[in-house]
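This report refers to the structure that appears directly beneath it.
The values are calculated or read from the model by the stated rules, or taken from the named source; none is laboratory data. These numbers come from a predicted model, not from an experiment. Glycine gets a Cβ as well: all are built from the backbone with ideal geometry, and neighbour counts include every protein chain shown. What goes into the accessible areas is simple: the full protein's heavy atoms, side chains included, and nothing from ligands, DNA or RNA. Shrake-Rupley method; radii C 1.70, N 1.55, O 1.52, S 1.80 Å.
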Amino acid sequence: QVQLVESGGGLVQAGGSLRVACAPSGRTFHTMAWFRQAPGKERDFVALLSYSSTYYADSVKGRFTISRDNAKNTVYLQMNSLKPEDTAVYYCATKSPTYSGDTVATRATFYDYWGQGTQVTVSS
């Protein structure tokens, strides 16, 4: 059973920073992604860490950074220069433990496991 536990969301003013974390249970996954979903909208791709390569949605490029702490088996999303439009529930996701590919997947349907989500609210 794969569990992804997220933490670190909260309320911040526009221009501020937040870091959210995702800790998978039991093992390390080489493919970890962050998505976000605002009320009434679809779940959108934010960032991907595939082995040591990173990929970002255009809307967050240059402001967000995805990284991994191997010692803690935790993946982070550092969010800087936050904007009100970044307000959403942020979810981490991963593939089955048997997956060994390096597809740059930005579709939510590609991923097999999801965290419970953490709310990020950016006030103007």
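Tabulated data for the structure shown
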{"item": "Any hit, region 68-78, residues being within 25 Å of SER123 (Cα to Cα) and either open to solvent by 50 Å² or more (accessible area, probe 1.4 Å) or in contact with a Phe, Trp or Tyr (Cβ under 6 Å, 6 or more places away or on another chain) (or both)", "result": "yes"}
{"item": "Filtered residue count, region 1-36, keeping only those that are free of Cβ contacts under 8 Å to residues at least 60 places away in the same chain and open to solvent by less than 10 Å² (accessible area, probe 1.4 Å)", "result": "1"}
{"item": "Failed criterion for TYR55 (all others in (1) over 28 Å from GLN1 (Cβ atoms); (2) open to solvent by 70 Å² or more (accessible area, probe 1.4 Å) hold)", "result": "(1)"}
{"item": "Subset of region 96-124 [open to solvent by 50 Å² or more (accessible area, probe 1.4 Å) and part of a helix (DSSP H, G or I)]", "result": "THR109"}
